[in-house]
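What follows is a short report on a single structure.
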Amino acid sequence: MRITAIRGFSDILPGEVELWQAIEAKARQVFSVYNFSEIRIPILEKTELFSRSIGETTDIVEKEMYTFEDRDSRSSESTEATKLTLRPEGTAGVVRAYVESEMYKTEPARKLYYMGPMFRRERPQKGRMRQFHQIGAEALGRGDPFIDAEILLLLSDFFTAVRLSEPSLQINSLGDSECRPQYREKLLAFLKQHEESLCDNCRRRIDRNPLRALDCKEPGCIRATKDAPSILDSLCANCQEHFQTVQRLLQETNVNFTLNPRMVRGLDYYCRTTFEWTTTQLGSQSAVAAGGRYDGLVQELGGPAIPGVGFAMGVERLTMLLRMQERAAANGPSCYVIWVGEKARDWAFPLVHRLRQKGLSVEMEGGSRSLKSQMRRADKLKAASVLIVGDDELAKGKAVLRNMASKQQEEIGLDSVEAELITRKAS
Ligand code: HAM
């Protein structure tokens with residue numbers, strides 16, 4: 001019997017792994033220039049660590065964690081069960097380690113970085129895996145806005161080092177314990193007035209987590225919160241000054257950004273600066289890296305009142321973008337049409353002609369070759385995509401379109417193939 005990998009979990013094979021190694025090496029170089037040290041934390045932690053830090057009412061804790069019960073490890077005879085969770089992110093574990101090893105006693109200001117797998121039971125799709133990898137950094141012990149800017153500059157330098165055409169940066173401030181409660185009340189009053197238009201999920205958590213409604217992708221919620229009060233109008237003087245300094249530092253160092261007062265992020269530990277680097281090339285999973293400030297987290301996890309700020313980057317998303325970029329620069333055909341069977345060939349030939357007439361660079365074979373050898377040739381020519389059509393597909397009225405950079409495949413109705421290829425080339 002053939003056993004396959006679990007859905008959403010994938011192998012990184014030779015041929016692909018070299019890019020991962022290059023990214024990791026560049027990240028280490030940039031981290032060293034910014035004086036960050038590596039920390040390696042366990043993949044498994046007590047569930048409580050994540051529910052307390054990320055927040056009980058977040059999607060991650062409510063429905064995405066891989067949690068199981070283990071016999072209490074303190075005593076082999078004990079039958080008491082402990083709940084354990086595969087880490088869905090790295091910040092909670094790094095802060096736990098910082099508190100547990102009392103790093104703050106010798107030197108509270110620590111710059112730490114990590115790389116490794118994270119686990120979230122989300123619905124797999126392009127750019128969204130159940131096991132994915134993050135490269136992340138946490139700067140603990142500094143509350144000043146210069147370190148927020150430094151984290152963003154580090155990322156910007158890293159993107160340059162791996163030659164990624166820089167994604168766009170959005171920033172926001174979520175205020176602090178002085179001004180956020182007032183904003184929360186204001187927003188809650190607004191949301192209550194529009195409660196009937198909100199989705200079930202937002203309505204359910206309206207009292208415990210009203211800010212999440214601003215981030216909800218449901219069309220009803222987007223419409224209902226269009227005129228919601230902005231957090232940026234509610235910041236106290238200290239938060240305002242902090243956020244203005246972050247913006248000034250970014251301007252002075254030529255990092256472009258836009259303000260997004262609706263960005264609340266999916267984890268509850270944030271305060272003040274939050275940010276996301278996004279790209280339009282990844283479909284709905286647009287964030288390549290994201291993070292922000294979390295001044296209450298060290299204390300929440302049993303340490304002293306020590307602030308922190310950090311980010312994490314999704315390595316799968318980054319490799320996908322770099323491969324897309326490489327394909328685009330290689331100047332290969334936009335599409336390579338692979339056919340299997342004579343009917344399919346005769347269907348494909350006029351299609352290729354029509355696409356070429358519309359200015360698209362398209363290639364196809366004339367003589368019969370196996371699917372595998374056509375695929376190899378498409379790869380050699382660095383085709384951006386491959387359209388696969390066989391006599392079977394023709395009978396079903398569908399063809400398969402494969403993006404050669406992301407390796408994602410989808411079925412397209414034969415009638416819409418031409419229009420689809422033209423729109424995709426334009427975007
Ligand atoms: P996050 O926004 O949940 O933040 O994740 C950071 C990045 O990890 C995302 O922008 C994305 O690139 C990647 N990522 C997340 N989920 C998936 C997935 N299912 N598949 C593929 N990639 C994914 C955090 O995790 C925070 N700990 C970041 C942080 C560090 N904040 C402060 N310090």
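We did not get these values from a lab; they are worked out from the coordinates using the rules stated. The structure displayed is predicted, hence computed values, not measured ones. Because the Cβ atoms are built from the backbone with ideal geometry, glycine has one as well, and the counts that use them run over all protein chains shown.
Please rank Asp295, Asp200, fewest neighbouring Cβ atoms within 10 Å first, as an exposure proxy.
By the 10 Å Cβ count, ascending: Asp200, Asp295.
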- [ ] Let me have the relative contact order for segment 79-183, percent, based on Cα pairs under 8 Å that are six or more residues apart.
- [x] 20 percent
Open item on the list: Run the helix sum for the chain: -39,500 (n - 2.57) per DSSP H stretch of 4+ residues, divided by residue count, reported at 222 nm to the nearest 500 deg cm²/dmol.
Closed with: -11000 deg cm²/dmol
Task: Area projected by the alpha carbon convex hull of segment 252-353, averaged over all directions, nm² - done: 11.9 nm²
- [ ] Determine the alpha carbon to alpha carbon distance for each of Lys105/Lys186; Lys126/Lys425; Lys372/Lys396 and list only those over 28 Å.
- [x] Lys105/Lys186
TODO: Rank the residues His242, His194 as a footprinting-exposure proxy: fewest other Cβ atoms within 10 Å of their Cβ go first.
DONE: His194, His242
Open item on the list: Just want to confirm a number: the relative contact order over the chain, from Cα pairs under 8 angstrom separated by 6+ residues, in percent.
Closed with: 15 percent
TODO: Could you give log10 I(q)/I(0) at q = 0.11, 0.15, 0.24 Å⁻¹ for segment 363-427, computed by the Debye formula over C-alpha point scatterers of equal weight, without solvent?
DONE: -0.26, -0.49, -1.21
Task: Acute angle (nearest 10 degrees) that the helix 180-193 long axis makes with the longest principal axis of the chain, alpha-carbon atoms - done: 60 degrees
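Taking the Cα centre of the chain as origin, work out the dipole magnitude from +1 charges on Lys and Arg Cβ and -1 charges on Asp and Glu Cβ, in debye rounded to 20.
Dipole about the Cα centre, nearest 20: 1260 debye.
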Open item on the list: Give the separation of the Cα centroids, segment 96-132 to segment 182-208, in Å.
Closed with: 31 Å
TODO: From the C-alpha gyration tensor of segment 51-210, pull out the three semi-axes of the equivalent ellipsoid (sqrt of 5λ each), sorted largest to smallest, in whole Å.
DONE: 28, 27, 20
TODO: Return the Cα extents of segment 316-427 along principal axes one, two and three, sorted largest first, each rounded to a whole Å.
DONE: 39, 27, 23
Open item on the list: Through the Karplus equation 6.51 cos²θ - 1.76 cosθ + 1.60, θ set to phi - 60°, convert the phi angles of segment 38-45 into ³J(HN,Hα) values in whole Hz; use x for Gly and Pro.
Closed with: 6, 10, 10, 10, x, 7, 10, 9
TODO: Could you rank the peptides 396-404, 10-18, 41-49, 209-217 by their average count of other C-beta atoms within 10 Å per residue, with the highest value first?
DONE: 209-217, 396-404, 41-49, 10-18
- [ ] Take the Cα coordinates of the chain, assign each an equal point scatterer, and use the Debye formula without solvent to give log10 I(q)/I(0) at q = 0.06 Å⁻¹.
- [x] -0.31
Task: Column: log10 I(q)/I(0), Debye, Cα scatterers of segment 100-140, q = 0.20, 0.27, 0.28, 0.34 Å⁻¹ - done: -0.70, -0.90, -0.93, -1.09
- [ ] Please list 334-347, 172-185, 307-320 highest first by mean number of surrounding beta-carbon atoms within 10 Å per residue.
- [x] 307-320, 334-347, 172-185
